[in-house]
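S.K.: Okay, handing you the structure first.
The values are calculated or read from the model by the stated rules, or taken from the named source; none is laboratory data. Since the structure is predicted, the reported quantities are computational estimates derived from the model, not experimental observations. All Cβ positions, glycine included, derive from the backbone under ideal geometry; neighbour counts span all protein chains shown. The area values use the complete protein model at the heavy-atom level, side chains included, leaving out ligands, DNA and RNA. Shrake-Rupley method; radii C 1.70, N 1.55, O 1.52, S 1.80 Å.
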Amino acid sequence: DWTDNTGYTINFGQGSFTISYVNLAVDTATVKCDGVVDDITRSVQQDFTAGAGSLPKAFQKAIYTEGEIDVGGSSSGNVYGDVSAGSGVDDDEGVTFHDDIEENNPDAEIPTPIWSFWQSIADHVITGNKTFASGTYSGVYYITGNVTFNNNVTLTGTIAALGTVTINGQSNITITAVAPYPAIIAGNRIKINGGSNIVINGYIITVNEIDITGNAGIIINGGLVAVGEVDVGGNADIELTADESYSPGIDGFSGGEPGEGGIGLTNWVEVF
């Protein structure tokens, strides 16, 4: 119950800031902050909703799919974090699930990418297919076709591709998302096959299937989200760890199974 919150003023450096409430109710609040230095004032405010599930359930899991999860044939690996599947989970071989497994989730529904959003924020808009040659890249890439990788690629940012994203037999690839955006969004499949020394820091999301098979070493810090099957079988080693710091925000997506608990919030805005 937020109705008994009170404001305050704190001296800070050569000025001060004052917290006040434009609106207070049991489970909603509009918080305003006025910063003052000399005779200059700047103000920002933000809306909060308690119990709103600030993230869809898909962005709170190590693996979330409307289909099934298959780890068959992997010689070793670990999944740290809860997993949820609309169908079954094959957890009998190789890979060890360390946290909760939810099978046959009747409400399984992933958030749908809003492609116009990703195009609007892109630093690089590419019509057709894109191959990332060896090198270092940064920013949000919006690609209307398919994406492939060569060896020795480092990308800091996001790939939002309408087609298939493929890493096939390549090595020394690192993709690190920048919050609050995911590492990869695909309108078709995501396929990471037969590679080695692959590190992905961020969420991997597709409205089709995820196929991560036959790799000699792959580390994912974030999560896997798919409409179809998530296949992480046949790997010599796979380490998947759910990491909240890489959870995508709700911007750029619609729908999805609501998350549990949490506090929903709008982006802060400057007011005068």
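S.K.: Just checking, which of Ile40, Ile63, Ile101 is without any contact (Cβ under 8 Å) to a residue 40 or more places away in the chain and under 21 Å from Thr241 (Cα atoms)?
M.R.: After ruling out the rest, the residue left standing is Ile101.
S.K.: May I ask you to list the residues in the range 103-113 that are open to solvent by less than 60 Å² (accessible area, probe 1.4 Å) and assigned to a loop (DSSP other than H, G, I, E, B)?
M.R.: Scanning the range 103-113 gives Asn105, Ala108, Ile110, Pro111.
S.K.: Let me ask another. Under the condition of being charged (D, E, K, R) and within 18 Å of Val271 (Cβ to Cβ), which residue from the range 16-38 is most open to solvent (accessible area, probe 1.4 Å)?
M.R.: Within the range 16-38, the match that is most open to solvent (accessible area, probe 1.4 Å) is Lys32.
S.K.: How about the range 46-81: which of its residues are at pLDDT 95 or above and either touching a Lys or Arg at 6+ places or on another chain (Cβ under 8 Å) or of a type in the set (Ser, Thr, Tyr) (or both)?
M.R.: Within the range 46-81, Tyr64, Thr65, Tyr80, Gly81 qualify.
S.K.: Is the range 42-60 home to any residue that is outside any strand (DSSP E or B), open to solvent by less than 70 Å² (accessible area, probe 1.4 Å) and at positive phi?
M.R.: Yes, the range 42-60 contains at least one residue that is outside any strand (DSSP E or B), open to solvent by less than 70 Å² (accessible area, probe 1.4 Å) and at positive phi.
S.K.: In addition: Keeping to the range 1-15, report how many residues are more than 19 Å from Trp268 (Cα to Cα) and open to solvent by less than 50 Å² (accessible area, probe 1.4 Å).
M.R.: Of the residues in the range 1-15, 1 are more than 19 Å from Trp268 (Cα to Cα) and open to solvent by less than 50 Å² (accessible area, probe 1.4 Å).
S.K.: Further question on the same structure: Find the residue count for the range 66-102, including only residues that are on the phi > 0 side of the Ramachandran plot and open to solvent by less than 30 Å² (accessible area, probe 1.4 Å).
M.R.: Qualifying residue count, the range 66-102: 2.
S.K.: Counting just the residues of the range 209-218 that are open to solvent by 10 Å² or more (accessible area, probe 1.4 Å) and touching a Ser or Thr at 6+ places or on another chain (Cβ under 8 Å), which one comes out nearest to Ser138 (Cα to Cα)?
M.R.: So the residue we want is Gly217.
S.K.: Can you find even one residue in the range 127-144 that is closer than 27 Å to Glu239 by Cβ and either touching a residue at least 24 places away in the same chain (Cβ under 8 Å) or in contact with a helix residue (DSSP H, G or I) (Cβ under 8 Å, 6 or more places away or on another chain) (or both)?
M.R.: Among the residues of the range 127-144, at least one is closer than 27 Å to Glu239 by Cβ and either touching a residue at least 24 places away in the same chain (Cβ under 8 Å) or in contact with a helix residue (DSSP H, G or I) (Cβ under 8 Å, 6 or more places away or on another chain) (or both), which makes the answer yes.
S.K.: Among the residues of the range 137-165, write down those that are on the phi > 0 side of the Ramachandran plot and assigned to a strand (DSSP E or B).
M.R.: Correct list: Gly139, Gly157.
S.K.: Let me ask you something else. Report whether or not Asn197 is at pLDDT 95 or above and under 23 Å from Asn150 (Cα atoms).
M.R.: yes
S.K.: Hey, can you tell me all the residues within the range 219-238 that are open to solvent by less than 30 Å² (accessible area, probe 1.4 Å) and not polar (S, T, N, Q)?
M.R.: Across the range 219-238, the qualifying residues are Ile220, Gly222, Gly223, Leu224, Val225, Ala226, Gly228, Val230, Val232, Gly233, Ile238.
S.K.: Go through the range 171-205 and report how many residues are crowded, with 22+ Cβ neighbours inside 10 Å and either hydrophobic (A, V, I, L, M, F, W, C) or closer than 15 Å to Ile219 by Cβ (or both).
M.R.: So the count comes out to 16.
S.K.: Moving on. Would you check if there is a residue in the range 186-200 being on the phi > 0 side of the Ramachandran plot and not aliphatic (A, V, I, L, M)?
M.R.: yes
S.K.: Shifting gears a bit: Those residues that are out of contact with any helix residue (DSSP H, G or I) (no Cβ under 8 Å at 6 or more places or on another chain) and open to solvent by 30 Å² or more (accessible area, probe 1.4 Å), I need them from the range 114-126; list them, please.
M.R.: Those that are out of contact with any helix residue (DSSP H, G or I) (no Cβ under 8 Å at 6 or more places or on another chain) and open to solvent by 30 Å² or more (accessible area, probe 1.4 Å): Ile114, Trp115, Ser116, Phe117, Gln119, Ser120, Ile121, Asp123, His124, Ile126.
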